[in-house]
Amino acid sequence: MATDTRKLAVGGGLLFICSVVIIMLGVIDFPVVVGAVAALGLAAGALLVGTSEGGRPV
């Protein structure tokens, strides 16, 4: 249970932080590489949230 909660928390945190970074790309002039890393972070966060519960992942 603790591992599932940790995966859910880390995945949710990644989704939040990377979403904020991508939104800030339109406001602040970040390099494109930062956007690419943020997109990979979104994918990793979605994977962690999707596999946090038991059974087949979505």
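The values are calculated or read from the model by the stated rules, or taken from the named source; none is laboratory data. As the structure is a computational prediction, the values presented were derived from the model and not from experiment. Ideal geometry is used to build each Cβ from the backbone, glycine not excepted, and the neighbour counts take in all protein chains shown.
How many residues does the stretch 49-58 hold that are at positive phi and in a helix (DSSP H, G or I)? Even if it seems obvious, please write down each step before you answer.
Residues of the stretch 49-58 at positive phi: 55.
From what is left, the residues that are in a helix (DSSP H, G or I) are none.
Residues flagged as at positive phi and in a helix (DSSP H, G or I) within the stretch 49-58 amount to 0.
Is it the case that some residue within the stretch 49-58 is out of contact with any His (no Cβ under 9 Å at 6 or more places or on another chain), surrounded by 12 or more Cβ atoms within 10 Å (Cβ to Cβ) and hydroxyl-bearing (Ser, Thr, Tyr)?
Initially, the stretch 49-58 is screened for residues out of contact with any His (no Cβ under 9 Å at 6 or more places or on another chain), giving 49-58.
From what is left, the residues that are surrounded by 12 or more Cβ atoms within 10 Å (Cβ to Cβ) are 49-53.
Narrowing further to those that are hydroxyl-bearing (Ser, Thr, Tyr): 51-52.
Yes, that holds for at least one residue.
Quick check on my filter: what residues within the stretch 23-48 are over 11 Å from the mean Cα position of the chain (by Cα), of a type in the set (A, V, I, L, M) and either surrounded by 14 or more Cβ atoms within 10 Å (Cβ to Cβ) or assigned to a helix (DSSP H, G or I) (or both)? Let's see the steps before the verdict.
In the first step, residues of the stretch 23-48 are kept if they are over 11 Å from the mean Cα position of the chain (by Cα); the result is 23-36.
Among the residues that remain, those that are also of a type in the set (A, V, I, L, M) are: 23-25, 27-28, 32-34, 36.
The answer is ILE23, MET24, LEU25, VAL32, VAL33, VAL34, ALA36.
Let's see how each residue does on (1) in contact with a Cys (Cβ under 9 Å, 6 or more places away or on another chain); (2) basic (Lys, Arg):
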| residue | (1), (2) |
| --- | --- |
| LYS7 | no, yes |
| LEU14 | no, no |
| VAL32 | no, no |
| GLY35 | no, no |
| LEU40 | yes, no |
| GLY45 | yes, no |
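Scan the stretch 2-17 and tell me whether some residue there is touching a residue at least 40 places away in the same chain (Cβ under 8 Å), of a type in the set (Asp, Glu), part of a helix (DSSP H, G or I) and in contact with an Asp or Glu (Cβ under 7 Å, 6 or more places away or on another chain).
Yes, the stretch 2-17 contains at least one residue that is touching a residue at least 40 places away in the same chain (Cβ under 8 Å), of a type in the set (Asp, Glu), part of a helix (DSSP H, G or I) and in contact with an Asp or Glu (Cβ under 7 Å, 6 or more places away or on another chain).
MET1 fails exactly one of the following numbered conditions: (1) at pLDDT below 85; (2) surrounded by 11 or more Cβ atoms within 10 Å (Cβ to Cβ). What is the number of that condition?
(2)
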